[in-house]
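Each remark here refers to the structure printed beneath this line.
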Amino acid sequence: MAAQNTDDNDECPFCLIVQSQNASEILMIPGAGHHYLVITKTHINNCKMLRSEHIPTVERMAEMGRNILEKNKVRDMTDIRLGFHVPPFSSVPHLHLHALAPASKMNESSQRRYGPGSAWFITVEEALSQLRARGRIK
């Protein structure tokens, strides 16, 4: 794929979901008791392709992640993780936010993938901070 492709991609599974050409419920081994993905309608390869103009998109994705956790009866909103896998650890080349809870109950494998200090994962707060500071995640 191109370094930054914001057009729909016929082969991208998340683009197919957005276009309603594929099932919208995909079950996998969750990283936590609650593990949801929020995907963008516009194809953006990954968090490294984000630019300052994407700040509202990232903020909206975080809001949607919190909302889905609340709708699924997550009561302690201080015990959640919201963020993105950092390439090359992105399994699908389409920007998607992981919303996980409870973060304190994630197993060792999930902590490695989504936990604090993981080389695989950047939180929404870290991504927004970098976007605001540098204008683009490096």
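Stretch Trp120-Ser104 to full length: gain in nm at 0.36 nm per residue minus the Cα-Cα span?
Additional length available on full extension: 4.0 nm.
Can you give the net charge of the other residues whose Cβ lies under 13 Å from the Cβ of Glu63, counting K and R as +1 and D and E as -1?
Neighbour charge sum, excluding Glu63 itself: +1.
Are there chymotrypsin sites (Phe, Trp or Tyr not before Pro) in segment 44-138 that DSSP puts in a loop and that have at most 13 other Cβ atoms within 10 Å, and which ones?
Phe89
Every number here is computed from the coordinates shown, using simple stated rules; none is lab data. Nothing here was measured: the structure is a model prediction, and the numbers come from that model. Cβ: placed from backbone, ideal geometry, glycine included. Neighbour counts: every protein chain shown.
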